[in-house]
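These notes are about the structure you will find just below.
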Ligand SMILES: [Zn+2]
């Protein structure tokens, strides 16, 4: 059976009417029973995909905005690698705004918008805030490296809720989607947006195992109108220069944002937590380089859930290969972690080499 025959025609037609096309490059790439063969097959295909993307048209507009930061256990962030007594680092959640051309006209994607208040119902965050109590509440704005909201950041960028065509997340951990996407009783903040989500991730959220529950916002997807959700079974090109590529591991239904911006490719997911995760041999975080050398690891997993660690390892190699080298930091890659470790004074001994700050390229057209 060819790669093409694996794609149901009905889904293909529905996507085509939106200007979305299935990416066939990775279909069957993980079919070998030998993980090492899977890794090398994915790496080769990722390299070809990168070259193909770079030969195409970049997106018109690319912006990343910092939304909210939260404490995160160091032991998860760089699984088994860190030698430090600092128990928590801070991760910073960001959203991307991307405008691009499609066969159906110009479209705008909002990737990773967190509902800051709604997401606090996630059991992991609840456990943390219960522990900190009122002191935590009082110091929230001051303690965290940054604390904003999607509404504020979009307003600052001059982008209206009506102009968002698509919303997507690399996975659904902590996400309360109803404020944005609406329910049977409320219209939702983004009236025209459709949610693009891998079918596996959506299905996972409807029937979580106890090992997953701590990380998902209870009822975060409940009662969202079906017509606002597009379930994906494959990696897809959303239009010129922007793709959602399946990168299972951190969660089963994980995907990564891939964007062609000028002459660079940027990739984003939460399989890894910083630039050091994708280039551990360059890392100055205590223990990371040594751990990578000792076990011959070319990436370090983000390990809070480990839904599938073999897939996660392969996906991270795939991500850094598609992203390619960072032009300003030799040895590092253009992977912008969706929850990237933030720099803070009290975690300065376990800080990554650099952090992708807020970025803005091109002009948004309303
Ligand atoms: Zn996650």
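See the values below:
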quantity	calculated
Filter pass, residue 141 being in contact with a strand residue (DSSP E or B) (Cβ under 7 Å, 6 or more places away or on another chain), surrounded by fewer than 14 Cβ atoms within 10 Å (Cβ to Cβ) and modelled with pLDDT under 85	yes
Residues of the range 250-280 satisfying the condition of being assigned to a helix (DSSP H, G or I) and farther than 19 Å from residue 39 by Cα	275, 276
Number of the condition not met by residue 174 [criteria: (1) surrounded by fewer than 18 Cβ atoms within 10 Å (Cβ to Cβ); (2) in contact (Cβ under 8 Å) with a residue 40 or more places away in the chain]	(1)
Residue 211, sole failed condition from (1) more than 16 Å from the ligand (Cβ to nearest atom); (2) farther than 26 Å from residue 322 by Cβ; (3) in a helix (DSSP H, G or I)	(1)
Some residue of the range 305-323 being surrounded by fewer than 18 Cβ atoms within 10 Å (Cβ to Cβ), within 16 Å of the ligand (Cβ to nearest atom) and either more than 16 Å from the chain's Cα centre (by Cα) or part of a helix (DSSP H, G or I) (or both)	yes
Residue that is within 16 Å of the ligand (Cβ to nearest atom) and touching a residue at least 60 places away in the same chain (Cβ under 8 Å), where the choices are 168, 163	168
Set 340, 298: member being surrounded by 20 or more Cβ atoms within 10 Å (Cβ to Cβ) and under 29 Å from residue 48 (Cα atoms)	340
Condition met for residue 250 (within 16 Å of the ligand (Cβ to nearest atom) and either over 30 Å from residue 101 (Cα atoms) or at pLDDT 95 or above (or both))	yes
Any hit, the range 191-200, residues being within 16 Å of the ligand (Cβ to nearest atom), over 18 Å from residue 64 (Cβ atoms), assigned to a helix (DSSP H, G or I) and at pLDDT 95 or above	yes
Filtered residues of the range 222-236 (kept if in contact with a helix residue (DSSP H, G or I) (Cβ under 9 Å, 6 or more places away or on another chain) and outside any loop (DSSP other than H, G, I, E, B))	228, 229, 230, 231, 232, 236
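The values are calculated or read from the model by the stated rules, or taken from the named source; none is laboratory data. Here the structure is a predicted model, which means the values were calculated and not measured. Methodologically, a virtual Cβ is constructed for each residue, glycine included, from the backbone with ideal geometry; neighbour enumeration extends over all protein chains shown.
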